[in-house]
Structure formats: C-alpha cells, structure tokens
Amino acid sequence: MSRRYGLLQRIAGLDPVRDHLEIYQLSAGREFPWDYTRALEFALFRTYCVPSISKLLAATGEFRDRPQKRYDDTALLMAEVAAHGYDSPRGKEALRVINRAHGRFAITNDDMLYVLSTFVYDPLDWLDRYGWRPLHDNERLAAFHYYREVGKRMGIRDIPDDFAAYRAFKQEYEQREFVYSDTNREIGHYTVDLFAAWFPAFLRPAARLGVRAMLDEPMLRAFGFPAAPRWVSAAARAGLTARARALRFFPPRRTSVLANSPRNRTYPGYPGGRSPADLGAPAPENLPAEHLRRG
C-alpha cells in the first residue's frame, strides 16, 4: 500500500468501538480535515431548518449580533473535545462550557439528539460524495461511537446504541420537523451572510449563490430559499469532485489540525495560551421565559 494510504491501513487495524477516539482523530484531523470542517458547517446549518431550534437561536440574538463569534466558539469547543478526548482535562473543560451554555435553555431531548446526529451522519454523507478516498467502515462506526460518548457527557438521553437505528431517527425527525418558519429563514440568512463574509466583497454574491447550491430540497423548503441555478449546483459538485481526485496524489498529513485554528476570526492564533473556558457566548439578557429552563 502506498504511503498515501498508510493511515487507512492503520485505521483498518483498529477496533471502531474500543479505539473510536483514535480513529476519529485520524479521520477528522489528518485524512479529511477540510472536508470535516465544511461538512460540520453544513450540519449545523441543517439544524436551523427546525423551527424549535431556529426560534431559540433567533431569540438569543447571537446570530444577529455576533455570528462569527458564535461560529468560532462552537467550532473550537467541539474541536477541543475531539483533539484531546472527552475525558481529558481540556476536553472536560470544553464540555463544561458547552453544557453550561445549553443548560440555560429549554431544549428538548429530541432536539439535542437530532443536532448530535447531524455531527455523525452529515460528514459521512459528505465524504461519500466528496472524499478523496472511500471511507472505511471503521471510520463510520468510530464517528458514531465517538459522538455517542460525547452525547452521554452532554446529558443527552436515549441515544440509540445502533448505527442504523440512529440514522433512522435522524431521517424520521427531519421528515417530521423540517417545515418552513420565519425564524428558519432569519437564521438561514444570517448564516449565509456569515459564510459570504469570509470572501472579498466582490465575491460575496457568488458565495451566497454557492451556499444555496449546496442545500438539498428539504433544506431549501424549510428556509424558504429559492434553488440556485442548476449550472451553479453542477459546477460546485464538479469542483469538489475534482478537488477530491487531486488530493489522491498529495502526501499524507503528518500532524492533526484539530483544535489548531490560527486563522479563526475571533481568537487569532488559537489556542495561543487560551483554554476552552475562554470560549463561549455570554448569557443573553431579556430572553423570553419560554426559552429558559425551569428550576
């Protein structure tokens, strides 16, 4: 096996239950880091198609006032857990920040279960389409077992113990909960604008169109967005496919990029001496009582 596929050989020799953290770190941090980042961005975007979720996000005002900070906080906290492990000191600290933030709000267990499921399956689906090599079954199962353990530490109940059963839950939830609402559209627009803001001003209209081209029909309906022209969608898919083919000839990444995000916009040079406790949004003021956890 060529050096390019050396990490795959290593992953194939590990146990996806016992070694799920190591496999996930190799897959997300070294084999497919760019793809995992993009896929998790769209996974979170997908959750905003649920009115109960988008209504809470709209009420906090975070997407209106500090969208980049909220994005960076979420990405870095989850990366800290993945990079160091959920039972490591930094991983536990990151989970405390995440749990403290969620604990203020009246979020149903089903909504939490659903958000967690997007972290498992949306990157796998992305990589099936645009990964530079096929995923090994160990990578699929490791992602499931990794996020299942993370979910337990977030206090999420009734996480299915079977890969197929959890995917079935996700599919059934989306069929039931993906409906249009004004808050879906509001949070969707803020998110598209955030993605577009990463590009020079003259490219932002094209970036907004490109983001819409990556959304499937259920997402477009739930956001109330018009579909992008077919040629734009075809061009986006072709570009990602060409990138994947080119990457097959690249040397393997020697070090993981997890929790090493010097180009994030809120915390330049992160970690740079910072800890997970330095991340996270402040408690919103004057939030309607319906969104606050009782007791």
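The values are calculated or read from the model by the stated rules, or taken from the named source; none is laboratory data. Not measured: the values here are computed from a predicted model. We place every Cβ from the backbone using ideal geometry, glycine too, and count neighbours over all the protein chains shown.
D72 fulfils the conditions (1) touching a Lys or Arg at 6+ places or on another chain (Cβ under 7 Å); (2) modelled with pLDDT of 95 or more; (3) under 23 Å from G273 (Cβ atoms); (4) in a helix (DSSP H, G or I) except for a single criterion, (2). Within region 134-150, residues that are touching a residue at least 40 places away in the same chain (Cβ under 8 Å) have Cβ atoms under 7 Å from residues that are outside any helix (DSSP H, G or I) and among the β-branched types (V, I, T) in these pairs: H145/V17, counting only partners at least 6 apart in sequence or on another chain. Considering only region 266-275, state which residues are modelled with pLDDT of 85 or more and either under 19 Å from T37 (Cα atoms) or touching a Ser or Thr at 6+ places or on another chain (Cβ under 9 Å) (or both). If the condition is that a residue be modelled with pLDDT of 85 or more and either under 19 Å from T37 (Cα atoms) or touching a Ser or Thr at 6+ places or on another chain (Cβ under 9 Å) (or both), then T266, Y267, P268, Y270, P271 are the ones that fit. Restricting the search to region 4-21, which residues are free of Cβ contacts under 8 Å to residues at least 60 places away in the same chain and either assigned to a helix (DSSP H, G or I) or of a type outside the set (D, E, K, R) (or both)? Passing the criteria: Q9, R10, G13. Residues being among the small types (G, A, S), in a helix (DSSP H, G or I) and at pLDDT below 95 are entirely absent from region 40-55.
Going by what's in this entry, would L194 be described as aliphatic (A, V, I, L, M) and in contact with a Lys or Arg (Cβ under 8 Å, 6 or more places away or on another chain)?
For L194, the condition - aliphatic (A, V, I, L, M) and in contact with a Lys or Arg (Cβ under 8 Å, 6 or more places away or on another chain) - is not met.
Taken together, the residues in region 1-33 that are surrounded by fewer than 18 Cβ atoms within 10 Å (Cβ to Cβ) and of a type in the set (G, A, S) amount to 4. Do we have any residue at all in region 112-120 that's out of contact with any helix residue (DSSP H, G or I) (no Cβ under 7 Å at 6 or more places or on another chain), at pLDDT 95 or above and assigned to a loop (DSSP other than H, G, I, E, B)? No, region 112-120 contains no residue that is out of contact with any helix residue (DSSP H, G or I) (no Cβ under 7 Å at 6 or more places or on another chain), at pLDDT 95 or above and assigned to a loop (DSSP other than H, G, I, E, B). A count restricted to region 229-243 and to residues that are part of a loop (DSSP other than H, G, I, E, B) and within 23 Å of the chain's Cα centre (by Cα) stands at 0.
With respect to Y36, determine if the residue is assigned to a helix (DSSP H, G or I), within 12 Å of the chain's Cα centre (by Cα), surrounded by fewer than 22 Cβ atoms within 10 Å (Cβ to Cβ) and not β-branched (V, I, T). When the stated conditions are applied, Y36 does not pass them.
Within region 69-96, residues that are farther than 21 Å from P268 by Cβ and among the aromatic types (F, W, Y) have Cβ atoms under 7 Å from residues that are modelled with pLDDT of 95 or more and in a helix (DSSP H, G or I) in these pairs: Y86/L95; Y86/E149; Y86/V150; Y86/R153, counting only partners at least 6 apart in sequence or on another chain.
Look at (1) surrounded by 17 or more Cβ atoms within 10 Å (Cβ to Cβ); (2) among the hydroxyl-bearing types (S, T, Y); (3) at pLDDT 95 or above and you find that T241 fails only one, number (1).
Would you confirm, using the coordinates I've provided, whether P160 is at negative phi, without any contact (Cβ under 8 Å) to a residue 12 or more places away in the chain and surrounded by 15 or more Cβ atoms within 10 Å (Cβ to Cβ)? For P160, the condition - at negative phi, without any contact (Cβ under 8 Å) to a residue 12 or more places away in the chain and surrounded by 15 or more Cβ atoms within 10 Å (Cβ to Cβ) - is met.
Condition first: over 15 Å from L57 (Cβ atoms) and either without any contact (Cβ under 8 Å) to a residue 40 or more places away in the chain or within 18 Å of the chain's Cα centre (by Cα) (or both). Now tell me which residues in region 97-117 satisfy that. The answer is V97, I98, N99, D110, L113, L116, S117. Can you find a residue that is in a helix (DSSP H, G or I), touching a residue at least 12 places away in the same chain (Cβ under 8 Å), charged (D, E, K, R) and farther than 30 Å from A228 by Cβ anywhere in region 164-178? Within region 164-178, none of the residues are in a helix (DSSP H, G or I), touching a residue at least 12 places away in the same chain (Cβ under 8 Å), charged (D, E, K, R) and farther than 30 Å from A228 by Cβ.
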